[in-house]
Amino acid sequence: MAGLCRDENGNKRIIFKDVDGRRRPIRLGKMPIEAVRAINTKVEHLSAAKTSRSPWNAETALWVSELDAVPAEKLAAVDLIPKREAKSVATVADFVKAYIAGREADAKPNTLANLRQAERYLVEFVGAN
């Protein structure tokens, strides 16, 4: 069971009991009470799933997958969801090199030479990054 708390300056937070019995806060800041109640419901689902070691229901899983980075970090900080991996941004040069490396097994030598030539032209035109 998760509870709602309001500070005197209008900030809101959700407090729930973790598996080990500790009270864990999730600070939400200033937001409408309806939004806080909706988040509270999801936190209750996540906490119950963690306590019972059962999977999330479909609605909660969809909600977690659509979360922005900041709320996801707050939920991950209290171990309700796994931490998200930082997405690495591939550069054009890295992408083309990986593609050519993947083609080395099935492409003929002149095809590989043509691909490397195209790589040089592409990187020269758009830049490596």
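The values are calculated or read from the model by the stated rules, or taken from the named source; none is laboratory data. Not measured: the values here are computed from a predicted model. We place every Cβ from the backbone using ideal geometry, glycine too, and count neighbours over all the protein chains shown. What goes into the accessible areas is simple: the full protein's heavy atoms, side chains included, and nothing from ligands, DNA or RNA. Shrake-Rupley method; radii C 1.70, N 1.55, O 1.52, S 1.80 Å.
Quick one: how many residues across the stretch 12-40 are closer than 16 Å to residue 74 by Cα, touching a Ser or Thr at 6+ places or on another chain (Cβ under 9 Å) and loosely packed, with under 15 Cβ neighbours inside 10 Å?
2
Mind listing whichever residues of the stretch 48-79 are of a type in the set (Val, Ile, Thr) and crowded, with 17+ Cβ neighbours inside 10 Å? Spell out the reasoning first.
Keep residues of the stretch 48-79 that are of a type in the set (Val, Ile, Thr), which gives 51, 60, 64, 70, 78.
Once the filter is applied, which keeps residues that are of a type in the set (Val, Ile, Thr) and crowded, with 17+ Cβ neighbours inside 10 Å, the stretch 48-79 yields 60, 64, 78.
Against the condition under 23 Å from residue 18 (Cβ atoms) and open to solvent by less than 60 Å² (accessible area, probe 1.4 Å), how does residue 82 come out, does it pass?
Considered against the rule, which asks whether it is under 23 Å from residue 18 (Cβ atoms) and open to solvent by less than 60 Å² (accessible area, probe 1.4 Å), residue 82 comes out as no.
If I ask for residues that are touching a residue at least 12 places away in the same chain (Cβ under 8 Å) and either small (Gly, Ala, Ser) or closer than 16 Å to residue 71 by Cβ (or both), which ones from the stretch 16-28 would you list?
Passing the criteria: 16, 24, 25, 26, 27, 28.
Could you grab the pairs with beta carbons closer than 9 Å, sequence gap of 6+ or different chains, first residue in the stretch 30-43 and under 17 Å from residue 70 (Cα atoms), second one assigned to a helix (DSSP H, G or I) and of a type in the set (Ser, Thr, Tyr)?
Every condition considered, the pairs that remain are 42/60.
Check whether at least one residue in the stretch 115-124 is loosely packed, with under 11 Cβ neighbours inside 10 Å, among the small types (Gly, Ala, Ser) and without any contact (Cβ under 8 Å) to a residue 40 or more places away in the chain, and report yes or no.
no
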